[in-house]
Structure formats: C-alpha cells, structure tokens
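Comments concern the structure below.
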Amino acid sequence: MRFAAAGTNSEHSYPLGPRGATGLGRIDRGLRTAYIADMAVREIIKLPDKRLRLKSEPVKRVDAGIRKLVDDLFETMYDAPGIGLAAIQIGVAKRVMTMDLSKKDDTHEPQVFINPEVTWASAETAKYEEGCLSIPEFYEEVERPAKVKVKYLDIDGKEHEIEATGLLATCLQHEIDHINGVLFIDYISKLKRDRIVKKFAKAAKHSMAD
Ligand code: GNR
Ligand code: NI
C-alpha cells in the first residue's frame, strides 16, 4: 500500500507515521518509499491450519527483516481489526507480537513485544471473554493469572520487564500462547473445543471444493 499523506492513507489514519514502526523514515528517500510501498496487510491463518500449533523461534537480532515483519503485523492487526497479533498468525514462526489496547478509533498506542516471556504469574486469576482472529466469530470466557510479569525486547532490541493486569495481562498471555502453539480454545471444555474445531475443519473443506 501507499500513503496519500504523512500519517494517513485512504482508509484509516496510520499510527506509526509514514515511516513504519521503526524509524526507517530517517534513511534515504528512495529506499524509504520502496520500504513503505512494501508494507502489507497479510493473510491471517485460521483454524484448522496446523501452523498455529508451531512453537515459534526466538529472534536472535532485531534487524530490518524483523522491523518489516513488525510493520506488516501492525498493518494486518489494524486492518482486521484486532487488539493483538502474533507473527505465527501471518504464518511467520518468530517470537514477535504487536498490540494496541487504545479504545478510541482516532488514537493509536502501538506496542511491540519481541521474545516475550512470562517471568512471574499471580496465583489470583481473572476471567475474560476472549476471541481470536484465527478463530473468527467464536468467543468464550477464559480464566488466566490476573497479574503477570513479562520480559521482552523492544524494537531497538532493548530489554524490558513490565507488570501487567487487566486486558494487558490477558492479551499478553493470549499472544505468548500463540508463540508457543497454544490457542485459547485449549482452556475451554473438550466438548466445546471439539465442536468449534469440527466446524472450522468443515468450513475449510467446503472452501477447498469451491
Ligand atoms: O483482537 C483480539 N481480541 C482479544 C480479546 C480478548 C482476548 C484476547 C484478544 S486477542 C485478539 C486478536 C488475536 O487473535 N490475537 O492473537
Ligand atoms: Ni489470537
């Protein structure tokens, strides 16, 4: 896609400015244009795609390839729209995820987590109705630790550790699960899980016959 003007495109305002997530706007104009034109809404893989069960690989170095992946994740996440997206959901088995929990349509709070890891989880739990872009139109209450500490690298490769509660804690755990090949339906009753897996398997079979 291309940008009509700085920070905006034809459909929605862009959170990261015309230079993507990662400051590449500071580099040569020609390369920048090529780079921006390269950003893409990618296809979100859905159940029963087996890639959703892969354990993603750690990022060794936050390089231009990772920054491009992060930009694609943001563009795909905002397009969906969703509040979080793990790289494996666009078929890339790397331990990278994006998130934006801002409530208003006109403000964006893009967050990136590379190699995120839960370092501590509270005994206290909380229930939240979860959904997943890889399991569209299915929502179910999931019980998880109410508070977690998460260690991760930012887009500059710098390490951070945060304590999270509420929706941030839920979303971080949901995305870190994706990175480990775990889906939120793994926490619901087997009866409900089997029913939803069957439904998606059947839908995939029918779309194959088209
Ligand atoms: O958009 C999303 N909403 C959501 C709601 C409750 C708990 C977790 C999420 S994450 C989800 C996007 C997604 O599938 N991320 O992996
Ligand atoms: Ni999900």
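The values are calculated or read from the model by the stated rules, or taken from the named source; none is laboratory data. Computed from a prediction, not measured in an experiment: that's the story for all the values here. Backbone-built Cβ (ideal geometry, glycine too); neighbour counts: all protein chains shown.
Here is a list: LEU69, LEU101, LEU16. Which entry is surrounded by 15 or more Cβ atoms within 10 Å (Cβ to Cβ), at pLDDT 95 or above and either under 19 Å from the mean Cα position of the chain (by Cα) or not aliphatic (A, V, I, L, M) (or both)?
Working: LEU101 fails: surrounded by 15 or more Cβ atoms within 10 Å (Cβ to Cβ); LEU16 fails: at pLDDT 95 or above.
Answer to the check: LEU69.
Please go through segment 77-94 and pick out each residue that is closer than 23 Å to ALA146 by Cα and crowded, with 23+ Cβ neighbours inside 10 Å. The answer is GLY84, LEU85, ALA86. Just one residue in the set GLU143, GLU130 is more than 16 Å from ligand 2 (Cβ to nearest atom), closer than 15 Å to ALA169 by Cα, of a type outside the set (S, T, N, Q) and in contact (Cβ under 8 Å) with a residue 40 or more places away in the chain; that residue is GLU143. Summed over segment 43-52, residues that are outside any loop (DSSP other than H, G, I, E, B) and surrounded by fewer than 13 Cβ atoms within 10 Å (Cβ to Cβ) total 1. Under the condition of being assigned to a strand (DSSP E or B) and basic (Lys, Arg), the residues counted in segment 89-137 number 2. Residues in segment 112-129 that are within 13 Å of ligand 1 (Cβ to nearest atom) and surrounded by fewer than 21 Cβ atoms within 10 Å (Cβ to Cβ) were compared, and the one that is farthest from GLU143 (Cα to Cα) is GLU129. On the given criteria, is ALA204 away from ligand 1 (no atom under 13 Å from the Cβ), out of contact with any Phe, Trp or Tyr (no Cβ under 8 Å at 6 or more places or on another chain) and not in a strand (DSSP E or B)? Here the answer is yes, as ALA204 does meet what is asked. Which condition from (1) of a type outside the set (S, T, N, Q); (2) in a helix (DSSP H, G or I); (3) farther than 12 Å from PRO116 by Cα is the one that ALA164 breaks? Among (1) of a type outside the set (S, T, N, Q); (2) in a helix (DSSP H, G or I); (3) farther than 12 Å from PRO116 by Cα, the lone unmet condition for ALA164 is (2).
Take segment 137-151 and flag every residue that is surrounded by 13 or more Cβ atoms within 10 Å (Cβ to Cβ) and in contact with a helix residue (DSSP H, G or I) (Cβ under 9 Å, 6 or more places away or on another chain). I'd like the intermediate steps shown before the answer.
Of all residues in segment 137-151, those surrounded by 13 or more Cβ atoms within 10 Å (Cβ to Cβ) come to 138, 140, 142, 144-151.
Of everything in segment 137-151, those that are surrounded by 13 or more Cβ atoms within 10 Å (Cβ to Cβ) and in contact with a helix residue (DSSP H, G or I) (Cβ under 9 Å, 6 or more places away or on another chain) turn out to be PHE138, GLU140, VAL142, ARG144, PRO145, ALA146, LYS147, VAL148, VAL150.
Of note, ALA93 does not satisfy the criterion of being within 13 Å of ligand 2 (Cβ to nearest atom) and either touching a Phe, Trp or Tyr at 6+ places or on another chain (Cβ under 6 Å) or modelled with pLDDT of 95 or more (or both). Just to be sure, is GLU75 farther than 17 Å from ARG42 by Cα and either among the charged types (D, E, K, R) or in contact with a Phe, Trp or Tyr (Cβ under 6 Å, 6 or more places away or on another chain) (or both)? Judged against the criteria, GLU75 is not a match.
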